[in-house]
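Remarks on the structure that follows.
Each value in this text was obtained by applying a stated rule to the coordinates, not by laboratory testing. All of these numbers come straight from a predicted model, not from anything done at the bench. Cβ: placed from backbone, ideal geometry, glycine included. Neighbour counts: every protein chain shown.
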Amino acid sequence: MKELIVKLLSSELSDTVTEQEIERLLEIPPNEEMGDFAFPCFSLAKKLRKNPLIIAEELSGKLPLPKELQRITAVSGYLNFYIDKSFLAERVIAEALSPEYGQKKMGQRIVIEFASPNTNKPLHLGHLRNMAIGESVARILSFCGNQVVRTSINNDRGVHICKSMLAYTLSGEGKTPEEAQKKSDHFVGDYYVLFSKKAAEDESWNKGAQELLRKWEAGDEQTVKLWKQMNSWALDGFRQTYSLFGIRFDKEYYESQIYTSGKEIIQEGLKRNIFCRRDDGAVIVNLEEEKLGEKVLLRSDGTSVYIVQDLYLAILKDKEYHYDRSFYVVGNEQDYHFAVLIAIFRKLGYPIAEKMKHLSYGMVELPEGKMKSREGTVVDADDLISETQSLAVEELKQRYTLNKEEMQDRSLKIALSAIKYQLLKIDIAKTMLFDPKKAISFEGDTGPYLLYSYARAASILRKAGAPESTSSYTLNDTETRLIKKLAFFPDSVQYASDKLSPSVIANYAFELAQCFNEFYHSSQVIGSQSEAFRLTLVKAFQLVLGTCLKLLGIESIEEM
Ligand code: ARG
């Protein structure tokens, strides 16, 4: 509709302003009496050497009235456009009923990396934000017609895992997670915690971990065997959490399999004098010009630092997937790391430098005093899901009597909607507060509220019979607002994809649900004179909200 108005104005004003300028100037008036779109004529006054009031008057007389518009008026220097409501309703609802509504045809190959845990301890709340963002961005990009590959790298080698291994060797008594009746990644994490305690009291523990790392690098059989065992426990546990959370990867990489290959790129850089050797023997890259300082790539003892794996991995992904874009969902504490990584590729003249992007997200904090984990610092992902699920059970018990299975299934879906929505509604760059009590509420800006609205629409549609068709019809205000909101969906998708921002969809979905609930409270659907029309409106709403939920990685439910 906006496009139509831009074209219309441009037909009269092409000598004075560009279409882009017209689009930029078009406003949505604060209330409906002032029309659906308004065009301010003030900035034209100078160029046309006319009073803006007169410009508006003249334009309103000259512009033709297409069938999509009901009228165009001039008021105090503004041109107000009134959309023909029944035309709008018919067109928007017809479009919204198609499963393709809002889809795009971008056609890029996109690799997105998320989760990427270290294998020494279980996933925590930060990983949940990471996974919610990664999955949602992946879904938005596929919805826009891109081919998306989901990847993760398991940082499965290094001193961190040796710490858990050492603690297990010294006090694990050869137990298995089954014997200890523990989820296997938590089992591994417990030894990491034990290590931290012991090392704080006794320095020799740190030396022990270093020693174990040397043995691992030398391929010592016993060490490698234990390493495999503990890694498989950690990874098994992660996979359970991934599946509970509803995510999966097309490709998982392992640091242990790639970490040595990055050294070839270091050699190339040295040969081409892009990197250099420092007096102490370390290999460095000078990034002063990029204001990133001097970065060590190989230590003087020849061991490589974290970034070397990423030099190789970025190239490997390109070899395997020939990507147009490659995204990394990683916390903002690694902003410097990714700035350096991209700067190095630029220096080396690799085209992938312009294709890579760090989707940097902020930390998640909890309200004071809530749900401290065993370590007392981070909140465990599995614990958080199950505690939120208990809150959902409480909410459900107050409303319905459900059998055990139904209760389990529904409360989990509600809990996940609560967590995901809460984590996604905030702009990814921002630090955020996660309050489980707020997140689980059935009212307000929450995931359960969206599920509730969806289920309400589903219930209306279930109850409806075959109504007589509604003939010529004047829309009421709440219907108009709901339809206008539906009309905005394709723009929201475009914006979310341009900005790589799930919060755009989350906020849109909430506003859409609000419009629906206002409509539902003021307008009887079943048994009303306009039942047929209203039912198609409910159906259109249900489909669009359902799509939003999918884009957020949230599973909808037919009954709340
Ligand atoms: N495992 C790392 C960590 O937990 C994150 C890895 C991010 N991905 C990457 N390609 N560097 O801090």
Using each residue's phi in the stretch 438-449, evaluate 6.51 cos²θ - 1.76 cosθ + 1.60 at θ = phi - 60° and report the 3J(HN,Hα) Karplus result to the nearest Hz, with x for Gly and Pro. 5, 4, 8, 4, 7, 10, x, 7, 9, x, x, 4
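Indicate the gyration tensor shape class of the chain (rounded, prolate or oblate), computed on the Cα atoms with a ≥ b ≥ c the square roots of the eigenvalues: a/c under 1.5 is rounded; otherwise a/b larger than b/c is prolate and the rest oblate. Don't jump to the answer; show the numbers that get you there.
Numbers: a/c = 2.96, a/b = 1.56, b/c = 1.90.
Note, shape of the chain comes out oblate.
Report the calculated FRET efficiency for E406 and T18 (r = Cβ-Cβ distance, R0 = 60 Å), to the nearest 0.05. Mind dumping the intermediate values first?
On the way: r = 58 Å, r/R0 = 0.97.
Approximately 0.55, to the nearest 0.05.
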With everything on Cα atoms, drop me the angle between helix 125-143 and the longest principal axis of the chain, reported from 0 to 90° to the nearest 10. 50 degrees
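Can you pull out the trypsin sites (Lys or Arg not before Pro) in the stretch 271-351 whose DSSP state is coil and whose Cβ has at most 14 other Cβ atoms within 10 Å? It would help to have the intermediate numbers written out before the result.
On the way: sites: K271, R272, R277, R278, K291, K295, R299, K317, K319, R325, R346, K347; in loops: R272, R278, K291, R299.
Answer in residue order: R272, R278, K291, R299.
Suppose only helical runs count, i.e. DSSP H with n ≥ 4. What mean residue ellipticity at 222 nm does that imply for the chain under -39500 (n - 2.57) per run, divided by all residues and rounded to the nearest 500 deg cm²/dmol?
Numbers: 23 runs with 309 residues, N = 560.
Per the formula, -17500 deg cm²/dmol.
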What is the spin-label model distance, in nm, from E217 to L48 if the labels are put 7 Å beyond Cα along the C-beta direction? 7.4 nm
So what is the relative contact order of the chain, in percent, for Cα pairs below 8 Å that sit 6 or more residues apart? 15 percent
Karplus 3J(HN,Hα) series, Hz, for the stretch 108-124 with 6.51 cos²θ - 1.76 cosθ + 1.60 (x for Gly, Pro): 9, 9, 10, 9, 10, 10, 8, 6, 6, x, 8, 8, 9, 7, x, 5, 10
So if R0 is 60 Å, what FRET efficiency would E559 and S196 give, r being the distance between their Cβ atoms, rounded to the nearest 0.05? 0.85
If you plug each phi of the stretch 326-343 into the Karplus form 6.51 cos²θ - 1.76 cosθ + 1.60 with θ = phi - 60°, what whole-Hz ³J(HN,Hα) values come out, in order, with x for Gly and Pro? 9, 10, 10, 8, 9, x, 6, 6, 10, 4, 5, 3, 6, 4, 5, 4, 5, 4
Taking amide hydrogens as modeled 1.01 Å from N in the peptide plane, which residues meet the under 5 Å criterion relative to E365, leaving out close sequence neighbours? M432, L433, F434
Can you list residues from other chains, or at least 5 along the same chain, whose modelled amide H is less than 5 Å from the amide H of Y253? S152, I153, N154
